[in-house]
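For reference, the structure is listed below as structure tokens.
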Amino acid sequence: MKGLLVDDDALYLRTLQRALQRHGLDCVTASDIEGALALARRERPAFALLDLKLGAESGLSLIEPLRAIDPQMRILLVTGYASVATAVEAIKRGADDYLPKPVTADALLRALRGEPATALPDDAGMIPLRRLQWEHIQQALHETDGNVSAAARLLGMHRRSLQRKLAKRPGPERGGGEG
């Protein structure tokens with residue numbers, strides 16, 4: 001099975017490409033939207049793994065054009081900045097799955113088969129409050145098209161307070177993103 005890996009982190013791309021090759025998957029890589037679309041048209045991959053943040057661009061904007069190239073392509077979005085708002089947006093745009101970084105080759109293979117890629121253990125308990133707060137902030141930013149001042153007004157807080165919170169991403173504990 002051929003895949004397309006899209007990420008602006010060259011080391012991460014090479015590492016993931018090698019790990020997937022060990023599992024019998026042949027993958028091509030791109031670091032930007034234009035390159036990814038050119039490769040998708042030429043190579044016709046069965047799946048695409050897209051990073052949410054591609055420099056100044058967003059992997060979300062790749063979902064619909066890739067779907068147009070091949071409606072059967074399995075599209076997975078990965079991010080170190082996971083939030084409910086971006087997960088919902090990715091699925092609305094047509095992504096098949098949404099995975100937090102770093103994604104392992106095993107988790108990716110499960111997602112490609114349509115199995116749950118990640119799951120909280122039965123004793124996981126509740127999601128930490130700061131994680132819920134982060135997701136709420138991300139939803140406000142999404143609603144205001146990334147305008148921090150407008151998001152702060154929507155959340156009823158000062159803009160500088162929101163900026164400080166944005167500088168402190170939630171840690172990797174249950175449900176968290178990169179620390």
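A few notes on this one:
- Inter-residue pairs, beta-carbon under 6 Å, first assigned to a helix (DSSP H, G or I) and in the stretch 30-44, second of a type in the set (Gly, Ala, Ser) and open to solvent by less than 30 Å² (accessible area, probe 1.4 Å), 6+ apart: ALA36/ALA30; LEU39/ALA30
- Against the test of being at pLDDT below 85 and assigned to a loop (DSSP other than H, G, I, E, B), the options ALA117, ALA95 yield a single qualifying residue, ALA117.
- So GLY55, is it farther than 15 Å from LEU112 by Cβ and at pLDDT below 95: yes
Yes/no per residue for (1) exposed (fewer than 14 other Cβ atoms within 10 Å of the Cβ); (2) touching an Asp or Glu at 6+ places or on another chain (Cβ under 8 Å):
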site: LEU25; (1), (2): no, no
site: LEU54; (1), (2): no, yes
site: PRO65; (1), (2): yes, no
site: VAL84; (1), (2): no, yes
site: ALA87; (1), (2): no, no
site: ILE91; (1), (2): no, no
site: ASP106; (1), (2): yes, no
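- Considering residues of the stretch 5-23 that are open to solvent by 60 Å² or more (accessible area, probe 1.4 Å) and touching a residue at least 12 places away in the same chain (Cβ under 8 Å) only, the residue nearest to HIS142 (Cα to Cα): ASP8
- Residue within the stretch 134-150 that is at pLDDT 90 or above and either open to solvent by less than 30 Å² (accessible area, probe 1.4 Å) or part of a strand (DSSP E or B) (or both) present: yes
- Enumeration of residues in the stretch 27-52 that are surrounded by 17 or more Cβ atoms within 10 Å (Cβ to Cβ), among the small types (Gly, Ala, Ser) and in contact with a Lys or Arg (Cβ under 8 Å, 6 or more places away or on another chain): ALA48
- Residue check for LYS2: open to solvent by 70 Å² or more (accessible area, probe 1.4 Å), touching a residue at least 24 places away in the same chain (Cβ under 8 Å) and not aliphatic (A, V, I, L, M): no
The values are calculated or read from the model by the stated rules, or taken from the named source; none is laboratory data. All values derive from a computational prediction rather than experimental measurement. For neighbour counting, all protein chains shown are included, and Cβ atoms are generated from backbone atoms with ideal geometry for every residue, glycine included. Just so you know, the surface numbers come from the protein's heavy atoms only, side chains and all, with ligands and any DNA or RNA stripped out. Shrake-Rupley method; radii C 1.70, N 1.55, O 1.52, S 1.80 Å.
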